[in-house]
Amino acid sequence: MSRYTIYVTPQTLDAIKTLPGNVRQRVKRAIDQLADEPRPSKSKTLTVPDAEYELRRLRLDRWRIIYAITETEKIVDVLTVRKRPPYDYGDLEELLQEI
């Protein structure tokens, strides 16, 4: 099984740097693991009309890692890391435009 290439948007990198230390480490570890398993059992598919990517979210306690999978090229694009609540997934289409 081949590994996926992970891309993290610049805004997401900045957001990760501001996370509390223990959360930051868990988020980095979870993102690294997506290279081997982009659809872990704790992840869920997110529905966006007419999306050309498979959009998923991975939950780490109150934090969500939102990412897109491009299966044909074996790419995982990490779009954002957000705290829920208050995050409500209302900006998914905007996030997809960053890819």
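Residues that are in contact with a helix residue (DSSP H, G or I) (Cβ under 7 Å, 6 or more places away or on another chain) and touching a residue at least 60 places away in the same chain (Cβ under 8 Å) within region 14-42 comprise Ile16, Leu19, listed in sequence order. Considered as a group, the residues in region 37-65 that are over 10 Å from the mean Cα position of the chain (by Cα) and of a type in the set (A, V, I, L, M, F, W, C) include one that is surrounded by the most Cβ atoms within 10 Å (Cβ to Cβ), and that residue is Trp63. The residue that is nearest to Thr5 (Cα to Cα), counting only those in region 73-99 that are crowded, with 18+ Cβ neighbours inside 10 Å and of a type in the set (Val, Ile, Thr), is Val76. Residues in region 40-99 that are part of a strand (DSSP E or B), basic (Lys, Arg) and more than 16 Å from Gln11 (Cα to Cα): Lys44, Arg56, Arg57, Arg59.
When only residues in region 7-36 that are among the small types (Gly, Ala, Ser) and at pLDDT 95 or above count, which is surrounded by the most Cβ atoms within 10 Å (Cβ to Cβ)?
Among those residues, the one meeting the criterion is Ala30.
The values are calculated or read from the model by the stated rules, or taken from the named source; none is laboratory data. Remember, it's a predicted structure, so these values are computed and weren't measured experimentally. Cβ: placed from backbone, ideal geometry, glycine included. Neighbour counts: every protein chain shown.
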